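Take a look at the structure set out below.
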């Protein structure tokens with residue numbers, strides 16, 4: 001009996017279409033019902049639905065419909081009973097006509113009962129399929145509504161993104177303009193700070209130079225008095241006394257050169273203007289006599305000393321005024337000596 005039932009079930013599931021359809025629907029139903037247990041997305045979520053694609057009883061109805069289809073296929077494949085046996089066959093088989101008719105009647109009754117059962121099952125399946133179809137239609141309508149809502153939200157999001165991009169672009173341009181103004185302002189401020197720093201540094205240098213030039217000027221004037229006053233008073237110099245004059249003159253000229261180096265930042269070509277002597281300058285009128293000197297070379301040395309002294313006195317007045325003006329910030333070193341800063 002058990003083997004006949006198993007063979008009947010095998011015969012029912014024999015069609016390839018039944019096995020494939022039943023397996024696919026069972027797999028989809030299993031995934032839709034248990035995918036959330038393993039962290040996989042549900043089919044309903046993939047289609048934008050909040051729950052499963054179908055409830056568990058809906059999948060059961062679909063599987064039942066497939067089973068009913070398999071039963072119809074099975075009934076269609078059942079072969080009709082063979083023709084009644086002949087008298088010879090009847091005699092050899094030991095069965096009577098009544099027995100055969102009774103068996104056929106019983107078989108027909110069973111088939112009718114099976115057909116009624118199948119009909120009831122199909123009616124039930126049709127009812128449930130109708131319910132599933134209605135539910136599915138409702139969900140499709142909800143899905144259409146959600147899709148339309150999603151389209152509106154997408155359009156609004158696009159417009160919002162466009163407005164945000166425009167706002168950011170305008171703000172970025174404004175910030176870039178502000179940054180440009182700030183850079184120009186910082187550059188101007190930096191130039192002013194550099195100018196003030198240079199002016200302050202030059203003022204410090206001028207104050208220090210004023211003290212140095214004043215000290216050197218005192219030494220220059222003191223040595224010049226020693227070199228000039230005795231000769232101005234008519235004293236005469238022999239070779240021995242002239243050696244002493246030469247010693248004082250050497251110290252005086254070195255001091256003049258030091259003064260010219262210190263004053264070079266406050267006038268143009270200070271050293272050349274002080275120490276350069278033209279030949280025509282020796283022809284000027286002099287308050288001393290050549291007889292007061294031990295030699296002609298001594299006379300020329302004295303005249304050169306006096307010419308340089310006059311140059312120094314002329315330039316020193318100019319330098320003193322420039323130093324005071326630089327110290328007060330009225331002039332710059334560049335303006336005083338033609339383009340170079342005091343490093």
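Bear in mind these aren't lab numbers, they're just calculated from the coordinates by the rules spelled out. A quick note: this is a predicted structure, and the numbers were derived from the prediction, not measured. Glycine also receives a Cβ, built like all others from the backbone with ideal geometry; neighbour counts cover every protein chain displayed.
What FRET efficiency comes out for the pair residue 304/residue 225, r = Cβ-Cβ distance, R0 = 22 Å, nearest 0.05? With R0 = 22 Å, the Cβ-Cβ based efficiency is 0.80. Put the Cα centre of region 125-166 next to the Cα centre of region 208-235 and the gap is 109 Å. Work out the FRET efficiency for residue 211 and residue 181 from their Cβ-Cβ distance, taking R0 = 41 Å, and round it to the nearest 0.05. My answer for the efficiency is 0.35.
Between residue 281 and residue 143, the simple spin-label model (points 7 angstrom out along Cα→Cβ) gives 11.2 nm. With a Förster radius of 22 Å applied to the beta-carbon distance between residue 27 and residue 121, the computed FRET efficiency rounds to 0.40. Look at the alpha carbon pairs under 8 Å that are at least 6 residues apart: their mean separation over the length of region 193-337 gives a relative contact order of 39 percent.
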